[in-house]
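Read through the structure below, which is laid out as structure tokens, and then see the notes.
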Amino acid sequence: MLGSRYRTIVPRLAGPVRSLRRSLVSQAVQGSPAWKLGRLNHVAIAVPDMEKASTFWKHVMQADTVSESVAMPEHGVYTVFVELGNTKIEL
């Protein structure tokens, strides 16, 4: 258990530590190549039932295009691509 001395110091340090951490993270992120990726191609969503997910995106979300299921044996999965406006989703 913290003594009374530490209980008063810790809250006073919390603000400056939080500010320093935010500054360091901000500097690291700004120089990161991840922020220079450009346009995002697509997002993948793992689904337990491809048929139900395809039906959902086609009829409920009214996707522009829902592809047929395509086997990708090198990855051991099947994929379906959904196009919804300027967004592409891989199921």
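The values are calculated or read from the model by the stated rules, or taken from the named source; none is laboratory data. Because the structure is predicted, anything quoted here is derived from the model rather than measured. Cβ atoms come from the backbone with ideal geometry, glycine included; neighbour counts cover every protein chain shown. All accessible areas refer to the heavy atoms of the entire protein, side chains included, with ligands and DNA or RNA removed. Shrake-Rupley method; radii C 1.70, N 1.55, O 1.52, S 1.80 Å.
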In the range 59-79, anything free of Cβ contacts under 8 Å to residues at least 12 places away in the same chain, in contact with a strand residue (DSSP E or B) (Cβ under 7 Å, 6 or more places away or on another chain) and open to solvent by 70 Å² or more (accessible area, probe 1.4 Å) is listed as VAL70
Scanning the range 52-83 residue by residue, those in a strand (DSSP E or B) and either among the hydrophobic types (A, V, I, L, M, F, W, C) or at positive phi (or both) turn out to be VAL66, VAL70, ALA71, MET72, VAL77, PHE81, VAL82
